[in-house]
Amino acid sequence: MIDKDLFEKGMQIRREVMGDARVDASMSDLDDFNRDFMEQFITELGWGAVWGREGLSRKQRSLLNLGMLAALGRMSEFEGHFRGAITNGLTREELREALLQITLYCGAP
């Protein structure tokens with residue numbers, strides 16, 4: 001069963017980081033098969049319970065995501081989270097340094 005408050009918190013954070021257009025596109029194809037995954041796992045747990053924690057800033061979470069997504073070769077997600085990293089305050093210089101670090105350990109994205 002979905003936790004409505006945590007879902008709403010997750011949806012707000014998700015929209016602030018990724019943008020309305022990307023979130024709307026990902027939510028537009030929900031059906032009985034994938035609804036629980038997108039609403040409960042991704043939005044409620046991922047964005048609400050994890051991204052909503054106070055232990056790391058959104059900027060720090062974005063930086064971690066870029067490294068992990070590059071290491072996993074998830075370039076479509078990397079692209080969205082790169083834009084999200086800018087939204088979350090990573091500067092051009094920080095992004096350049098992150099890309100150099102990622103390339104050293106993971107190869108060129």
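In table form, for the structure just shown:
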{"read-out": "Single match in Arg83, Arg96, Arg74 (criterion: within 15 Å of Arg15 (Cα to Cα) and open to solvent by 60 Å² or more (accessible area, probe 1.4 Å))", "value": "Arg83"}
{"read-out": "Cβ-Cβ under 8 Å pairs, at least 6 apart or on other chains, the stretch 79-95 side modelled with pLDDT of 95 or more, far side of a type in the set (Phe, Trp, Tyr)", "value": "Leu95/Phe82"}
{"read-out": "Some residue of the stretch 4-12 being farther than 24 Å from Ala85 by Cα, open to solvent by 70 Å² or more (accessible area, probe 1.4 Å) and of a type outside the set (Lys, Arg)", "value": "yes"}
{"read-out": "Residue, nearest to Arg15 (Cα to Cα), within the stretch 53-66, restricted to residues that are buried (at least 16 other Cβ atoms within 10 Å of the Cβ) and either in contact with a Cys (Cβ under 9 Å, 6 or more places away or on another chain) or not charged (D, E, K, R) (or both)", "value": "Ser62"}
{"read-out": "Index of the failed condition, Tyr105 passing every other in (1) modelled with pLDDT of 95 or more; (2) open to solvent by 80 Å² or more (accessible area, probe 1.4 Å)", "value": "(1)"}
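The values are calculated or read from the model by the stated rules, or taken from the named source; none is laboratory data. Quantities reported herein were computed from a predicted structural model and do not represent experimental measurements. Using ideal geometry, Cβ is built from the backbone for each residue, glycine included, and neighbour counts are taken over all protein chains shown. To get the accessible areas, we keep the full protein, side chains included, count just its heavy atoms, and leave off ligands, DNA and RNA. Shrake-Rupley method; radii C 1.70, N 1.55, O 1.52, S 1.80 Å.
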